[in-house]
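The values are calculated or read from the model by the stated rules, or taken from the named source; none is laboratory data. Note that the coordinates shown come from a computational prediction; the quantities given were computed from them, not determined experimentally. Here the Cβ is made from the backbone with ideal geometry for all residues, glycine too, and neighbour counts use every protein chain on show.
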Amino acid sequence: MNAVDVKQGSSPIILGFPHTGTDVPADIHARLNDNGRMLADTDWHIDKLYDGLLPEVTTVHATFHRYVIDANRDPTGVSLYPGQNTTGLIPDTDFDGKPIWRDGEKPTAADIEYRLKQFHSPYHVALAKEIERVHEAHGLVVLYDCHSIRSHIPFLFQGKLPDFNIGTNEGNSCSPEIASAVGRIAFAARGYDAVINGRFKGGWTTRHYGQPQLGIHAIQMELTQSSYLTKEAPPFAYDEAKAERLRKHLKDILEIIRQTAIKLGSK
């Protein structure tokens, strides 16, 4: 299987989708337990949610599931959130802290090395290539990393997660103009709540690629699945009415990023 699917556009914006993939090779699937085979921690339907919102946008999708290997984790295995519960490069558990592998089938060091080469690296090679291409064309590029998660996960965070979780690595991965523009739209969205650099400050993708001083801006958006799914449980069905309400705000967010990028590029 191809680890990554790329659709090129002429916009200065790239949408990254590291967690929408559901492909699991048969040999890896056989090692998952019944809980793991549910693939519950997928960023369900996020690609559909963003589809068609911005003309000529480039998209980079990881086709493999995060249980194969997580494309948004440091390839060295260093934790994104030291001291907090989180899942690793190849998760041992789901987001509820429950095991996902059959007894004796947890991935080994050799498994990690193999999956880095076959899945993680190809995704990031493709993403880096698109960042270089778009940056060369515009003198600036904005990587907008698309994510979603259940709104209540006690293992990872207390209480309810805000609907819009904007991550900029504490302001280090993108310009303040882009961060504030996105924040204005998200905080003004009626019926939703938002936070910047709360529980989710941006994953490895945001932190690794974001170099605003070089004209490479990266920002992560983690949406609550309650904002666009019928319910946050199997079969994780897409709710058309809820999604359309949310898509209006997401369209405004992508458009304000585009406009801000053009202004920054002209300076």
**Single unsatisfied condition, residue 218 versus (1) assigned to a strand (DSSP E or B); (2) out of contact with any Gly (no Cβ under 7 Å at 6 or more places or on another chain); (3) crowded, with 20+ Cβ neighbours inside 10 Å** = (2)
**Message:** Checking the structure you have, find out if any residue of the range 157-172 is out of contact with any His (no Cβ under 9 Å at 6 or more places or on another chain), modelled with pLDDT under 95, of a type in the set (Phe, Trp, Tyr) and farther than 20 Å from residue 262 by Cα.
**Reply:** yes
**Asked** Within the range 231-256, can you find the residues that are free of Cβ contacts under 8 Å to residues at least 60 places away in the same chain and out of contact with any Ser or Thr (no Cβ under 9 Å at 6 or more places or on another chain)?
**Response** 231, 233, 235, 240, 241, 244, 248
**Prompt:** Which residue pairs have Cβ atoms under 7 Å apart, sit 6 or more places apart or on different chains, and have a first residue in the range 45-59 that is at negative phi and a second that is of a type in the set (Ser, Thr, Tyr) and surrounded by fewer than 19 Cβ atoms within 10 Å (Cβ to Cβ)?
**Reply:** 48/238
**Prompt:** Within the range 179-198, restricting attention to residues that are among the aliphatic types (A, V, I, L, M) and within 18 Å of the chain's Cα centre (by Cα), which residue is surrounded by the fewest Cβ atoms within 10 Å (Cβ to Cβ)?
**Reply:** 195
**Asked** Regarding residue 126, is this residue among the small types (Gly, Ala, Ser), surrounded by 13 or more Cβ atoms within 10 Å (Cβ to Cβ), outside any helix (DSSP H, G or I) and modelled with pLDDT of 95 or more?
**Response** no
**Prompt:** Out of 232, 240, which single residue is in contact with a helix residue (DSSP H, G or I) (Cβ under 6 Å, 6 or more places away or on another chain), farther than 18 Å from residue 183 by Cα and not aromatic (Phe, Trp, Tyr)?
**Reply:** 232
**Candidates 88, 16, 83, 21, filtered to the one that is over 15 Å from the mean Cα position of the chain (by Cα) and among the small types (Gly, Ala, Ser)** = 83
**Message:** Which numbered condition in (1) surrounded by 15 or more Cβ atoms within 10 Å (Cβ to Cβ); (2) under 18 Å from the mean Cα position of the chain (by Cα) is the only one that residue 170 fails?
**Reply:** (1)
**Message:** If I filter the range 72-89 for residues that are touching a residue at least 60 places away in the same chain (Cβ under 8 Å), not in a loop (DSSP other than H, G, I, E, B) and not aliphatic (A, V, I, L, M), do I get at least one hit?
**Reply:** no
**Request:** Sort through 151, 180 and tell me the only one that's closer than 21 Å to residue 222 by Cα, free of Cβ contacts under 8 Å to residues at least 40 places away in the same chain, of a type in the set (Gly, Ala, Ser) and outside any strand (DSSP E or B).
**Result:** 180
**Request:** Kindly indicate which of 63, 59, 76, 108 is under 15 Å from residue 205 (Cα atoms), at pLDDT 95 or above, out of contact with any Phe, Trp or Tyr (no Cβ under 6 Å at 6 or more places or on another chain) and of a type in the set (S, T, N, Q).
**Result:** 59
**Fill in**
Apart from one, (1) in a helix (DSSP H, G or I); (2) within 27 Å of residue 66 (Cα to Cα); (3) at pLDDT below 95 all hold for residue 243; the odd one out is (3)
**Request:** Residue by residue through the range 16-40, note down the ones that are hydrophobic (A, V, I, L, M, F, W, C), in a loop (DSSP other than H, G, I, E, B) and either in contact with a Gly (Cβ under 7 Å, 6 or more places away or on another chain) or crowded, with 19+ Cβ neighbours inside 10 Å (or both).
**Result:** 24, 39, 40
